[in-house]
Every structure is written in C-alpha cells, then in structure tokens.
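To keep things clear, I will list the structure first and then write my remarks on it.
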Amino acid sequence: MNTNDKVQDSMFANPVSTRKIHIFDTTLRDGEQAPGASLNPEEKIIIARQLAKLGVDTIEPGFPISSPGEFTAVQTISRELQNVEICGFARAVKQDIDSALKATEDASRRRLHMFLSSSDIHLDFQLRKSRQQVVQLAREMIAYAKQFIERIEFSPMDATRTGMEFLYEVVEAVIEEGATIINIPDTVGYALPEEYGQLFRNVQQHVRGGKSVEYSAHCHNDLGLAVANSLAAVQAGATHVEVSVNGIGERAGNTSLEELVMAIETKGPALNVGTNIQLEQLYATSQLVSHIMHIPLAVNKPVVGRNAFQHEAGIHQDGLLKNRSTYEIMDPEQLGIPRHMIVLGKHSGRHAIKHRAMELGVALTEDQLEDVYTKFKQKADGQKTVTDAELIEMVGKTVDRAIDRYEITDFQVITGFKRSRVASVTVADRHSGTERTYSAIGEGPVEAVINGIKQAMPVEIKFENLELHSMGNEEKAFGEATVTIAAGASRYRGTGINQDVIQAVVEAFMAAANQAVRMLEKAQADKQKQHHAG
Ligand code: KIV
Ligand code: ZN
C-alpha cells in the first residue's frame, strides 16, 4: 500500500460509532406533500422496497385516513416489508388513529405517529382551541391509542414556535399517557442549529418523565438548515431523525436523507454516531425517487447532484488524479455513483486530458498530448465543456487514425402523438468500411433511434440513464446529454451537445458505446495475445 492509499483509507474508513441513529424515512408521507410529487399506491410500493433495501429503520408510507389509495398503500407496504418498522400517521382524531392502526396491523414492527399543533399561531388561527383544550385532547387521544399499541410517537406541530412552558406541559401530558417517542418538529424551518439543539436539552431536562422516552428530530429546510438542525438534535440526544430522499417535502423540503447520512458517515468520529444505511444504495434510491416523482435534482445538490463529484478546475483535476482525497471528502463509488469526475472545459490541464483519453481507450504519448492540448485549448475557449466525441476527434486527428469504430452518418426519426415513434439510422463501421441502415421503433424518439443503433453494435448494450440539460434559454438553446450505458461487467458514460436534443443523446450514446466496444475489443486482443504467448 502506498502513502496515498493510506491517506485515502483513513479518510474513508468507517468510523467506530457508539450510538446508532434511527433513520425514519418520510419520503412517502411528508416528502409526497411536495408540490407535484404525488404518487399512486404502486409507485409507493416500488419506492418502499428500495427504502428497505437502503436500510432505513422506519418507513412512514402515507396518511391512511386521507384516501382509500393511501390506506391500501400503507397496508400493502406493512404486509410486504417485514424487515422494517412501519409508521401509521394520524391527527389527534379517533378515526385517524383507527385507520392508521388498521392499515399497519400486519406489519411485523410498527409505531403510531400522532401530531397536534402546539404554537399559539396554530392554536389561534388554525385549530381555534385554547391551550387547555389542546392538552386535554392530546391526553385523550394518546390514552385512546395506548389501548391498542405500545409504541407511540407524538409530534407537537410547530414546536419551534411554541412557548417553552407550554411545550413542556404538552410533552409532559403525552408522556404521562404513554407516548414513547417525542418528536420535536421544526415545521416551518425556523430554528437555528444551536436553538434547536437547546430545545431538546431543555425538554429532556425540564419535563417530568423526559428522560424515559426517545427523541426524534423533524426539520424543514426553509432556511437551508434542515441537516444542520438535525445534527444539532443528534448531538443533544435525539436518537431518531426524520428524513426524506433528496430532501423532498413541503416548500423547501425536509432533511435530506443522503446528506444527513453522509455527514454522519464522514464526521462519524466527531459525532460518535452511525446509521444502518447501506451506502452503496444511496445513489440508486435518489435516482429512483427523482424519476418516479418527476422531480429533477439540482446539479449542485450535495452527495447525489450531477456535479457533486465532478471537477473542472485544472488544479483540482491534477490534484485528484494524484490522490482523490486532495479535493474529495467522500468516495462516490462507495455510494454507487458511476465515476465521471473530470469535466473537460477551458480550465482543464494536460493531466486531465491524458486521463480522459486513457479512459476513452487511447494512450497518448507526450508529443501527441501536446498536440491534442493545443487543439483542445482552442476549442475549449469558445464553449462551456468539451464533449467526449470532440476529444476523440482531436485525438483521432493527432494520432492520424479514426479512434471510434462506429459513426452515425445519418438518422431520421418520425415522432408524433399516438403511434410508436419510428427511426431509421445509418451506421458506418470504420473497421470493415461498410455502412448499413437500420430501422426501429420505440415509445419515444430517443428509444426508437437507440434501438436502431443497438442493432449495429457487436456487443449487448443496456441504456441505463439519460441526463438532459438545456444550455441557454432561448429557442435556439443547446441540449447537453449525458448517457450512461452498461456493457459486459462495466459502465460507460458519454456526453453530447447539440441544438437538436435527439442528436445530443445520439452523440452521447455513441461516445459511450464506442468506448465500450474499444474496451471489449482490447480485452479480447489481450486474451488472444496471452493465448499465443502461452
Ligand atoms: O412538519 C411537521 O410538523 C410535520 C409533523 C406533522 C411531524 O410533518
Ligand atoms: Zn414535516
């Protein structure tokens, strides 16, 4: 092991943690309250299965009383996922409690989550109840639920804007009636980390029975403080944190699951806590939720955003290629994120160009690199990024040969409204000097063209992911496509930029496919060489 590996290993090693933080996932309840995120029961079940695979400790799958579909979703998830705790959500209303208990009755482990507002603003304008009435109602409903279930979480809604004395009074009352978990929601994302942590300390200290229950943090991100506030709660003794995948939720959302988990992983020794989350499932979960909810991720979203592990500055690229820990504090591959750390642009240097050319299957000599570098700088000056296809063209000119085996010489796609999309694609094979036209159909124009191209490929290719971004905002805007494919046991990524978005996808797909073909042909040639040598 060299010194670099040692630095890396100690940075990314799992910390020895003393306290397990219980990850309570509310993507399917609070998360689904995000505008436009609504899910049908089948979609909820697909996401719940992935959450179980991710290793969350509790799933809150919905609000059973709110609709028959919600009830069915919670019931189906309770029946199917027997390795995770299921939480039934309810207002302080008997019918809600009955519905939540019925929907979760087949779960192997379950809890009831009951909420009731406690701030004066909510009491005066929304509930129109006095403080005494609220305490009384909370008592009655917890006592009612306690006849049927042991594990009860109580949330005094808008807790962070509730006067301290009244918060103590409500919490004390529900503990007396049998609540076992006290959640302190920062419903409107109003708290600062220090204030929020102090609130947990105060409640534990000043409430009778306050030390006999567990505590949960539930934060909203209106001021961008949800993760920081949740961590402050953890440091103040909370053992449960309520999160959603991609931080999805009402308004600016909830505490982001992936950000919180990675903060705990990365700063584990300082916080002295850990989670049961399977890190390698983080990216797949984030992608699944984003696709099913049709909510794209900001490119700079921590941990799972497109740029979270990409580097453009030459100095950063150089440092990274020497040792990843120079500019990265987490290992993206550990989180299941396909590696594409170098984005080639005007700030890139020789080291990065050489590295990407190598990834694309071409080893450049020093003289060749100098030549490509000059061409690259001219090109990069006028555009935001240099695509793989453009780099390959420059490399090809320098080494005086066509590097990509396959080239699309023409394609046409008929798109429309009702019928399948139809494509015809002409592909040239530079090795054999032949050209053939293929036709194919698909549910969309991209699928139709890709189905056509796949027929020309000598290897089986699985189209795994497409990210499409608009560069510019007028009608003439360019589309930037990044395509991830799987071939053999490896994944490849390619990029393309074109005013025609379908052509951008085709370019990106071809960059990745040609890379896969080069790698597989090289592997075959190496095998043959070994065979002859043997
Ligand atoms: O934000 C909030 O207050 C909630 C509670 C109902 C827990 O989602
Ligand atoms: Zn909430």
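The values are calculated or read from the model by the stated rules, or taken from the named source; none is laboratory data. Every value quoted in this text rests on a predicted model; they were computed, and no experiment measured them. Here Cβ is always computed from backbone atoms with ideal geometry, including for glycine, and neighbour counts include all displayed protein chains. These area figures cover heavy atoms from the full protein model, side chains too; ligands, DNA and RNA do not enter into them. Shrake-Rupley method; radii C 1.70, N 1.55, O 1.52, S 1.80 Å.
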The correct count of residues that are more than 12 Å from ligand 1 (Cβ to nearest atom) and either modelled with pLDDT of 95 or more or part of a strand (DSSP E or B) (or both) in segment 7-30 is 8
Name the pairs: first residue in segment 185-213 and at negative phi, second residue of a type in the set (Lys, Arg) and part of a helix (DSSP H, G or I), Cβ to Cβ under 8 Å, at least 6 apart or on different chains? 187/161; 188/161; 190/161
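Assess whether residue 392 counts as being under 24 Å from residue 484 (Cα atoms) and touching a His at 6+ places or on another chain (Cβ under 7 Å). If you could, list the steps in order and put the result at the bottom.
Working: under 24 Å from residue 484 (Cα atoms): yes; touching a His at 6+ places or on another chain (Cβ under 7 Å): no.
Answer is no for this residue.
Would you mind listing the strands (runs of 3 or more DSSP E) fully within segment 406-504 where at least 2 residues are closer than 28 Å to residue 385 by Cβ?
On the way: elements: 406-414, 421-429, 434-442, 462-471, 478-487, 490-498.
Here the list reads 406-414, 421-429, 462-471, 478-487, 490-498.
Within segment 148-179, track down each residue that is of a type outside the set (A, V, I, L, M), more than 16 Å from ligand 2 (Cβ to nearest atom) and in contact (Cβ under 8 Å) with a residue 40 or more places away in the chain.
So in segment 148-179, the residues of a type outside the set (A, V, I, L, M) come out as 148, 150-151, 153-156, 158, 160-163, 165-166, 168-169, 172, 176-178.
If we keep only those that are more than 16 Å from ligand 2 (Cβ to nearest atom) too, we end up with 148, 150-151, 163, 165-166, 168-169, 172, 176-178.
Correct list: 148, 151, 163, 166.
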Restricting attention to segment 13-29, and to residues there that are surrounded by fewer than 24 Cβ atoms within 10 Å (Cβ to Cβ) and of a type outside the set (Lys, Arg), which single residue is farthest from residue 332 (Cα to Cα)? 18
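Which of the helices (runs of 4 or more DSSP H) found entirely inside segment 240-350 contain at least 1 residues meeting this: within 16 Å of ligand 1 (Cβ to nearest atom) and within 26 Å of residue 220 (Cα to Cα)? Spell out the reasoning first.
Values: elements: 257-266, 268-271, 282-293, 314-322.
In segment 240-350, 257-266 are the helices (runs of 4 or more DSSP H) which contain 1 or more residues that are within 16 Å of ligand 1 (Cβ to nearest atom) and within 26 Å of residue 220 (Cα to Cα).
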Scope segment 77-105; condition touching a Phe, Trp or Tyr at 6+ places or on another chain (Cβ under 9 Å) and among the β-branched types (Val, Ile, Thr); matching residues: 97
Just one of 485, 497, 453 is hydrophobic (A, V, I, L, M, F, W, C), touching a residue at least 60 places away in the same chain (Cβ under 8 Å) and closer than 24 Å to residue 305 by Cα; which is it? 497
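Listed here are the residues, each with its yes/no results for (1) at pLDDT 95 or above; (2) outside the structural domain of residue 376 (by TED's automatic domain parsing).
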| position | (1), (2) |
| --- | --- |
| 391 | no, no |
| 394 | no, no |
| 426 | yes, yes |
| 432 | no, yes |
| 438 | yes, yes |
| 447 | yes, yes |
| 452 | yes, yes |
| 459 | no, yes |
From the list 425, 459, 505, which residue is among the hydrophobic types (A, V, I, L, M, F, W, C) and within 25 Å of residue 296 (Cβ to Cβ)? 505
Filtering segment 39-69 down to residues that are within 16 Å of ligand 2 (Cβ to nearest atom) and either within 19 Å of residue 277 (Cβ to Cβ) or modelled with pLDDT under 95 (or both) yields 58, 59, 60, 61
Inside segment 238-267, the number of residues satisfying the requirement of being in contact with a strand residue (DSSP E or B) (Cβ under 6 Å, 6 or more places away or on another chain) and of a type outside the set (A, V, I, L, M) is 7
Tell me which residues, restricted to segment 471-503, are modelled with pLDDT of 80 or more, among the small types (Gly, Ala, Ser) and out of contact with any Asp or Glu (no Cβ under 8 Å at 6 or more places or on another chain). 488, 489, 490
Could you list all residues from segment 248-277 that are open to solvent by 10 Å² or more (accessible area, probe 1.4 Å), within 16 Å of ligand 2 (Cβ to nearest atom) and of a type in the set (Gly, Ala, Ser)? 252
Tell me whether segment 149-162 contains one or more residues that are at pLDDT below 95, within 15 Å of ligand 1 (Cβ to nearest atom) and open to solvent by 30 Å² or more (accessible area, probe 1.4 Å). no
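Please find, among 452, 416, 444, 433, the residue that is loosely packed, with under 14 Cβ neighbours inside 10 Å and either closer than 19 Å to residue 517 by Cα or of a type in the set (A, V, I, L, M) (or both).
Details: 452 fails: loosely packed, with under 14 Cβ neighbours inside 10 Å; 416 fails: either closer than 19 Å to residue 517 by Cα or of a type in the set (A, V, I, L, M) (or both); 444 fails: either closer than 19 Å to residue 517 by Cα or of a type in the set (A, V, I, L, M) (or both).
When all the criteria are applied, what remains is 433.
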Residues to consider are 228, 233; find the one that is hydrophobic (A, V, I, L, M, F, W, C), away from ligand 1 (no atom under 16 Å from the Cβ) and without any contact (Cβ under 8 Å) to a residue 60 or more places away in the chain. 228
